[in-house]
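Here's the structure we're looking at; comments come further down.
No lab work stands behind these numbers, since they all come straight from the coordinates. All values derive from a computational prediction rather than experimental measurement. Here the Cβ is made from the backbone with ideal geometry for all residues, glycine too, and neighbour counts use every protein chain on show.
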Amino acid sequence: MLVIGYLLGSIPSGIWIGKIFYNKDIRQFGSGNMGTTNTFRVLGKKAGAIVLIVDMLKGTLAACQPYLFGVHINVLIIGCAAVIGHVFPIFAKFKGGKAVATSAGILLAYSPGFFIVAWVIFLTTLYLSSMVSIASMVGMTLITILSLFFHDPILTIIAIILTIFVFYRHKGNLSRIKNGNENLVPFGLVYKRKNNK
């Protein structure tokens, strides 16, 4: 299950969609990342939405394996293999994304209700900040705090590890945020304020 999870996570959806349908390698444009945000930026809304869904489903399908095979093991543990695959994909020379969408997909398999709460947090923060990076880091931090109410040590431990990892993967974004030149999505309060000046 761990191997299957890793291979699912390794599917570089942004790269494949870009090359097959747009004749572009998204790693050569924008931030150079193969994830959802850069796909939106380089290839547009349709491609970005597809990559978002696929990247989430990678985590969900990987994490659902214990249900499918009738094995009594925490789905989060198996789901983490997909996160590792997404960040270090064997199909893309081990240079992958930032793990946010795939981590959300794992949460969907664990608790659909918690998944919805996480999305509300992410979208609210995204609207307030107009920055995917801030929404990702704040979202992961709040999810970790909320995990304490589930009284599931494995959930909390994995949430802490993933939050630290997401912050590490966004270290470049943190520098740009500090310098005031982080990329903005074309909506939200910060975007409106900057464009009204």
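Overview of values
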read-out	value
Theoretical FRET efficiency, 1/(1+(r/R0)^6), r = Cβ-Cβ of N74 and I177, R0 41 Å, to 0.05	0.75
Helix runs (DSSP H) in the chain reaching 15 Å along axis by Cα, Kyte-Doolittle at least 1.6	75-87, 100-110, 112-129, 132-147, 153-169
Correct option for semi-axes √(5λ) of the Cα gyration tensor in Å [calculated from the coordinates] among [x] 27, 24, 15; [y] 29, 18, 15; [z] 27, 21, 14	[z]
Viscosity 1.306 mPa s, temperature 10 °C, Stokes-Einstein D of segment 112-197 from Kirkwood C-alpha radius, µm²/s	115
Fully extended contour minus Cα-Cα distance, from Y67 to V120, at 0.36 nm per residue	16.4 nm
26 Å Cα-Cα threshold exceeded, pairs from K58/K194; K171/K194; K46/K192; K45/K194; K19/K194	K58/K194; K19/K194
Tensor-based shape of segment 1-110 (alpha-carbon gyration tensor, a/c under 1.5 rounded, otherwise prolate or oblate)	prolate
Within a Gaussian network of the chain (alpha carbon springs, distance under 10 Å), most fluctuating of N179, N38, N74	N179
Computed over segment 12-51, Cα set: Rg, Dmax in Å	8.0, 20
